[in-house]
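The structure appears below as structure tokens.
The values are calculated or read from the model by the stated rules, or taken from the named source; none is laboratory data. Quantities reported herein were computed from a predicted structural model and do not represent experimental measurements. Cβ coordinates were reconstructed from backbone atoms using ideal geometry, including for glycine residues, and neighbour counts include every protein chain displayed. Just so you know, the surface numbers come from the protein's heavy atoms only, side chains and all, with ligands and any DNA or RNA stripped out. Shrake-Rupley method; radii C 1.70, N 1.55, O 1.52, S 1.80 Å.
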Amino acid sequence: MDIMNILKDRLKEEQWTRSTIENYSIKDLTLLDELLKQIKENGKKKEAHDFCYEFVKDSPKSLIGLYVLGCLSYELDDFTHAEALIQVVDFFKENKKWAICERILLKIHKEYEKPDVYTLKLLLYIYDNYIPKKDEEKKDLLSELVRQDVENGDSAKRLADYLSLSENTEDTKIANKYYRSALRRYAKNKNYSMVEQLWKKISATIDDPNFFLNISEILAESNLDLAVNLLTNLLEVLEKQDELEEAIFVSKKILALDEFNLKIRQKLLDLYRFKYASNPQLEECLKGAGFFDNDTKLENAVKKFEKEILFTEGSYVHHRSW
């Protein structure tokens, strides 16, 4: 029998028997996939697609019509009508047919390679709540979701949490990359509680202070106090790691945002005193630069000090004319 006649008979049978969604099983879906295979093998994709499109106009809840239309729309790159397959998923979701939902969503994800954010999130929801022991599948879905949903920090953080549990050193490195991605997304979305939580989690293992400085600049545009507080946390970590130059740099960044922060102002003086402890002109240079003069702008005092401390006795300067 001609495959188009078989398709039409299946649609009529669905109407006559009034097949309900409650009776559907994986076996029924397998039969539909076999029908699709025959349609493709007989070169009837476009004809079957167009027929089902007209059919569902009058029968908008036809599972067979929507399923065939949706699948063939993906086959034909007709993404306007590919939504029909998501309608089928939604019908099964309402009736808690999770195994069938999973199979259709995986078809979109794996076979057609056209998953969208909704598809990925729904698959994750199913695995989280109804189909256990799918950890590797979750990682795959999260990785794709991070790539597609570029403003969502939760997906990046969750993937990082998964990877951080691995004993593989390479996974740990990749986890750090996703934590950073999550932190940047949270900062841009002004999710301040997650920014603070994640910053303190990953700043303890700093290998690039400039990343955190960049995040602080994003924060400073909308929440100056939080930016200052987190940079102060970064400064404490750098001091514990004996990163003197970086600590001085971060102190100056904090004071650029909060010039009258007396605690950090004193911290900068302490760091300078530690760095130039062997220089007999240190205190004179600090005084001459205006650090103890309330009328001197801090930025100017820093510039003058860092310039003049290099010209004290024991330092060397090369000049072309000498």
In whole percents, the bins of 10 Å from zero upward hold the Cα-Cα pairs of region 113-196 as 19, 46, 33, 3
A correct Karplus calculation of ³J(HN,Hα) over region 303-311, with 6.51 cos²θ - 1.76 cosθ + 1.60, θ = phi - 60°, whole Hz and x for Gly and Pro, returns 4, 5, 5, 5, 7, 6, 5, 6, 9
Once phi for every residue in region 104-111 is put through the Karplus expression 6.51 cos²θ - 1.76 cosθ + 1.60 (θ = phi - 60°), the whole-Hz ³J(HN,Hα) values, with Gly and Pro written as x, are 5, 5, 5, 4, 5, 6, 8, 6
Given pairs 201/253; 173/201; 139/201; 40/107; 133/173 and cut-off 18 Å on Cα-Cα distance, the over-length ones are 201/253; 139/201; 133/173
Restricting to aspartates and glutamates and to Cα separations under 20 Å from residue 304, and discarding same-chain partners fewer than 8 apart, the set is 245, 246, 258, 259, 270, 283, 284, 293, 295, 313
With the dipole of the chain defined by +1 on each Lys or Arg Cβ and -1 on each Asp or Glu Cβ, the option from 159, 148, 99 whose Cα lies farthest towards the positive pole is 99
Along region 123-134, Karplus-curve 3J(HN,Hα) (6.51, -1.76, 1.60; θ = phi - 60°) to the nearest Hz, with x for Gly and Pro, reads 4, 4, 4, 5, 5, 5, 10, 10, 10, x, 6, 10
Unit-weight point scatterers at every alpha-carbon of region 130-251, Debye formula, q = 0.17, 0.20, 0.21 1/Å: log10 I(q)/I(0) is -0.86, -1.09, -1.16
Counting only protein heavy atoms and leaving out ligands, DNA and RNA, the solvent-accessible surface of residue 117 at a 1.4 Å probe, in Å² to the nearest 10, equals 40
Percent of all Cα-Cα pairs per 10 Å bin for the chain, counting from 0 up to the last occupied bin, reads 5, 19, 19, 14, 12, 10, 8, 6, 4, 1, 0
Between the alpha carbon centres of region 22-98 and region 237-273 the gap in Å comes to 64
At q = 0.13, 0.17, 0.20 1/Å the base-10 log of I(q)/I(0) from the Debye formula over the alpha-carbon atoms of region 4-156 is -0.61, -0.99, -1.27
The chain accessible area per residue, 1.4 Å probe, protein heavy atoms, integer Å², reads 57
Links exceeding 20 Å between C-alpha atoms in this model, out of 57/96; 45/97; 138/177, come to 57/96; 45/97
Semi-axes (Å, rounded, descending) of the ellipsoid equivalent to region 103-161 per its C-alpha gyration tensor are 17, 15, 9
Expressed as a percent, the accessible surface of region 146-291 that is carbon or sulfur, using a 1.4 Å probe and the full set of protein chains, is 48
